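The values are calculated or read from the model by the stated rules, or taken from the named source; none is laboratory data. Worth saying up front: this structure is predicted, and the values here are computed from it rather than measured. Cβ: placed from backbone, ideal geometry, glycine included. Neighbour counts: every protein chain shown.
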Amino acid sequence: MSRSATILALTVSLAVPRLVLSAPVAVRFGALWDGSGRVLKNAVVVVDGDRIQRVGTEAPEGMAVIDLSRYTGLPGLIDVHTHLTYGPAPGSARAPAVNMVLGQEAARKTLEAGVTTVRDMNAAEYMDIALRDLIAAGAVVGPRMFVVGYGLHITRTRTGLPPTPGTVDGPDAAMRVAREQIAAGADWVKMFGSTGSGQDVSGQQTFTYEEMKAAVDATHALGKRIAVHSYGPSGARDAVRAGADSVEHATDMDDATIAEMVRRGTFYVPTIDHNRYYAENGDRFGYAPGYRERLEDFIRRNLETTRRAVKAGVRIAMGSDAIFTMFGENTRELGWFVKAGMTPEQALRTATSNAAALLGQEGSLGTVAPGDHADLVAVEGDPLTDIDAVIHGVRWVMKGGVVVADRTSSTSTPR
């Protein structure tokens with residue numbers, strides 16, 4: 001990361017109210033969906049430090065109780081595709097250190113949406129690593145982050161720009177650069193396996209199968225996981241064959257590719273809603289005429305591909321692809337999953353237990369059980385019958401035993 005980004009980031013801290021719990025506390029919900037499929041009425045979750053101690057229906061004698069009995073409790077939500085450090089708009093000429101500061105506002109809005117963990121999917125000057133570490137140290141308030149450093153890209157996708165530490169041409173370079181991202185501190189590796197971003201919905205494959213396989217093998221040999229961006233079907237097909245752990249965005253995948261994803265357990269992260277965001281903001285972003293029609297056609301095909309993947313049994317995780325000013329809208333993706341044929345509970349799993357499995361965090365994130373991180377969300381309404389309760393109804397958020405958002409009149413009182 002650049003020295004300027006580090007120094008400036010260390011001088012700032014996101015100013016949001018936080019209730020730090022200095023002693024064990026019981027959190028009471030009218031109902032709790034625990035991420036494993038169980039619903040517990042009049043649930044009490046005992047939190048000690050940053051972990052869940054127990055789940056039941058009775059608060060220990062004398063323990064302070066946060067009364068959220070008006071609400072339904074959920075595990076902290078997980079968004080597996082974000083871009084926290086991209087700045088306020090495409091092409092904004094801002095120093096990386098400035099985008100680092102602006103990323104803190106994105107982090108706050110993400111938490112307020114009930115998202116307590118993200119996988120952040122590309123950053124200049126390793127700003128994502130710096131932001132992850134500042135959040136973990138408590139210097140900045142934000143979601144728990146899993147990061148990729150520089151996404152791997154081929155030279156021709158960066159025409160007119162100087163090479164970056166993510167530039168890759170050939171299998172040997174793919175292995176080397178994947179290793180370099182991990183050595184720099186990345187949790188994941190990402191490859192841009194096709195064109196496509198913003199108003200560009202072309203989806204032309206970039207990396208060859210051999211390059212993808214080299215990066216996958218190098219990543220897995222070091223105990224890490226790899227995601228491949230592909231708007232189009234051919235890049236997705238080769239990513240799945242190469243052994244990618246997740247495929248992002250892919251549209252128009254054929255039945256054979258979808259069947260292979262089921263066989264291998266490859267995760268699909270459709271990111272349908274981000275193109276809705278681009279379509280609504282295209283004029284402000286200066287997109288070329290006809291952008292709305294192109295984006296809406298891609299959304300239609302993206303939704304249809306997701307519908308086919310759901311029917312086939314592909315494992316799906318929620319990724320918003322939140323970028324620029326989209327933060328706080330992260331969970332709108334769940335509404336598209338219901339349109340694609342999921343029940344509200346199945347949609348919730350994409351942002352909890354499924355997403356935790358993608359991250360390799362089963363037994364720590366995505367569920368409410370003893371030993372898990374104390375990540376809890378209270379929503380107004382019944383999310384198992386109406387997914388809008390999650391999209392628009394978040395009222396209270398705890399991350400790691402710290403209350404990071406509160407739109408209720410709840411109080412903590414001794415029992």
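Kindly check whether there is at least one residue in segment 170-189 that is within 30 Å of Y291 (Cβ to Cβ) and touching a residue at least 12 places away in the same chain (Cβ under 8 Å). Scanning segment 170-189, I find no residue that is within 30 Å of Y291 (Cβ to Cβ) and touching a residue at least 12 places away in the same chain (Cβ under 8 Å), so the answer is no.
Test Y287 against the criterion of being touching a residue at least 60 places away in the same chain (Cβ under 8 Å) and over 30 Å from A357 (Cα atoms), and give yes or no. Taking the combined requirement at face value, the residue satisfies it. Of the residues making up segment 398-414, those that are at pLDDT 55 or above and β-branched (V, I, T) are V402, V403, V404, T408. Of the residues in segment 222-232, none is buried (at least 22 other Cβ atoms within 10 Å of the Cβ), modelled with pLDDT of 95 or more and assigned to a helix (DSSP H, G or I). Based on what the data block shows, is G193 in contact with a helix residue (DSSP H, G or I) (Cβ under 7 Å, 6 or more places away or on another chain), within 23 Å of F146 (Cα to Cα) and surrounded by fewer than 19 Cβ atoms within 10 Å (Cβ to Cβ)? Against the criterion (in contact with a helix residue (DSSP H, G or I) (Cβ under 7 Å, 6 or more places away or on another chain), within 23 Å of F146 (Cα to Cα) and surrounded by fewer than 19 Cβ atoms within 10 Å (Cβ to Cβ)), G193 does not qualify.
Does segment 92-109 contain at least one residue that is in contact with a strand residue (DSSP E or B) (Cβ under 7 Å, 6 or more places away or on another chain) and either touching a residue at least 40 places away in the same chain (Cβ under 8 Å) or not aromatic (F, W, Y) (or both)? Give the derivation first.
Here is the first cut: in segment 92-109, the ones in contact with a strand residue (DSSP E or B) (Cβ under 7 Å, 6 or more places away or on another chain) are none.
No - not one qualifying residue is present in segment 92-109.
Of all residues in segment 98-114, at least one satisfies being part of a loop (DSSP other than H, G, I, E, B) and either modelled with pLDDT of 95 or more or not assigned by TED's automatic domain parsing to the domain that holds E333 (or both).
Of the residues making up segment 221-266, those that are of a type in the set (K, R) and more than 15 Å from R315 (Cα to Cα) are K224, R225, R237, R241.
Looking only at segment 254-290, count every residue that is more than 19 Å from I323 (Cβ to Cβ), buried (at least 16 other Cβ atoms within 10 Å of the Cβ) and not β-branched (V, I, T) and tell me the total. Quick ask: steps written out before the conclusion?
At the first step, the residues of segment 254-290 found to be more than 19 Å from I323 (Cβ to Cβ) are 254-268, 289-290.
Now narrow it down to the ones that are buried (at least 16 other Cβ atoms within 10 Å of the Cβ): 257-258, 260-261, 266-268.
Within this subset, residues satisfying the condition of being not β-branched (V, I, T) are 260-261, 267-268.
Count: 4.
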